[in-house]
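**Q** This is the structure, below, for whatever I ask next.
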Amino acid sequence: MKPTIIAALFASTALATPVAQADKPISTPSPTTLVSGALWIRAVTSPNYHKYLQTKPANVPGTAVLDSHTTAGQFNIEGGQLVNKVSNPPLYLWVEEPADKANPPRTLATYFNTTKNPFGTFAWQGDALTWSVPSVKRQNVGAWLVCKNQALFINTGAYSYQTPAGCADQTIHYYNDKTANN
Ligand SMILES: *[C@@H]1O[C@H](CO)[C@@H](O)[C@H](O)[C@H]1NC(C)=O
């Protein structure tokens, strides 16, 4: 058994059920050419230059990561939701909701789920992906952090200032060429 499967078994017995439930989507590889209405989303600076938004395994609920162009996911923004356009059913990017919104933690986790994200709004600013919610003040709505295991977080603080250990400041951008270039 893969370690991830063993971990999932333990998690499902020991803790509240994590992401996958009800109509569990099955992992299918993302098409390597862009489908109609979809966009690639990627970082464009070191250390995550041309790393693309996706989940591992592909197209199932789970942590949002930036990783190889060969497994890049395909997305778009619809009604403020960041939607996976190649999963079945569609998956939506969620943002961890902090208990204390006036003093939020520096990082808010992001992950895909089968239902719409109830917390905040995704939007493009030019080609940059932003997330905002009135209850959490952010200096830069396009500030993201990529941390352990390439996991993607909202940066509630300033971009490139007192970067948390183990994380890298990134902005992330859509890209609409036919293939996800390295
Ligand atoms: C996924 O969505 C379901 C239904 O809205 C919700 O109950 C569950 O808490 C969500 N999972 C996570 C990890 O937030």
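**Q** On full extension of the chain, what length is gained from S46 through A102, given 0.36 nm per residue of separation minus the C-alpha to C-alpha distance?
**A** Length gained between S46 and A102: 17.0 nm.
**Q** Placing unit charges on C-beta atoms (Lys and Arg positive, Asp and Glu negative, everything else neutral), compute the dipole magnitude of the range 36-175 about its Cα centre in debye, rounded to 20. Can you show the working numbers first?
**A** On the way: 10 positive and 7 negative charges, 14 e Å.
Magnitude of the dipole: close to 60 debye.
**Q** Pick from V133, V146, V60: which is most flexible by mean-square fluctuation in a GNM of the chain where alpha carbon atoms under 10 Å apart are linked?
**A** Per the Cα network of the chain with a 10 Å cutoff, V133 tops the list.
**Q** Next question. Which listed residue (N88, P47, A143) has the Cα farthest towards the positive end of the charge dipole for the chain, taking +1 on Lys and Arg C-beta and -1 on Asp and Glu C-beta about the Cα centre?
**A** Checked the options; the winner is P47.
**Q** Report, to two decimal places, the Cα Rg of the range 36-175 normalised by 2.2 N^0.38 Å (N = number of residues).
**A** 0.95
**Q** Please compute the per residue accessible area over the chain with all protein chains in place, 1.4 Å probe, rounded to a whole number of Å².
**A** 51
**Q** Count the net charge of all other residues whose Cβ sits under 9 Å from the Cβ of K51, scoring Lys and Arg as +1 and Asp and Glu as -1.
**A** Around K51, the charge tally is 0.
**Q** Apply the Karplus parameterisation 6.51 cos²θ - 1.76 cosθ + 1.60, with θ equal to phi minus 60°, to every residue of the range 64-78 and state each ³J(HN,Hα) to the nearest whole Hz, in sequence, with x for glycine and proline.
**A** Per residue, the Karplus-derived 3J(HN,Hα) values read 7, 10, 9, 8, 3, 5, 6, 10, 4, x, 10, 9, 6, 9, 9 Hz.
**Q** Still on this structure, I have one more. Excluding same-chain residues fewer than 8 positions from K178, which lysines have a Cα within less than 27 Å of its Cα?
**A** By straight Cα distance, K178 reaches K51, K56, K85.
**Q** Per residue of the range 130-138, what does 6.51 cos²θ - 1.76 cosθ + 1.60 with θ = phi - 60° give for ³J(HN,Hα)? Whole Hz please, x for Gly and Pro, Karplus curve as stated.
**A** 10, 9, 8, 8, x, 6, 10, 7, 10
**Q** HN-Hα J couplings of the range 108-125 from phi, Karplus 6.51/-1.76/1.60, θ = phi - 60°, integer Hz, Gly and Pro as x?
**A** Using θ = phi - 60°, the values come out as 10, 5, 10, 7, 8, 9, 7, 10, 5, 5, x, 10, x, 9, 9, 8, 8, 10 Hz.
**Q** Can you send over the carbon and sulfur percentage of the accessible area for the chain, probe radius 1.4 Å, protein chains only?
**A** Roughly 56 percent of what the probe reaches on the chain is carbon or sulfur.
**Q** If amide H atoms are built 1.01 Å from N in the plane of the peptide, which residues on other chains or at least 5 residues away come under 5 Å of the amide H of Q74?
**A** K85, V86
**Q** In a Gaussian network model over the chain where Cα atoms closer than 10 Å are linked, find which of R138, R42, R106 has the largest mean-square fluctuation.
**A** R106
The values are calculated or read from the model by the stated rules, or taken from the named source; none is laboratory data. No experiment lies behind these values; they were computed from the predicted model shown. Positions of Cβ are backbone-derived with ideal geometry, glycine not excepted, and every protein chain shown enters the neighbour counts. Ligands, DNA and RNA are excluded from the accessible area calculation, which covers all protein heavy atoms including side chains. Shrake-Rupley method; radii C 1.70, N 1.55, O 1.52, S 1.80 Å.
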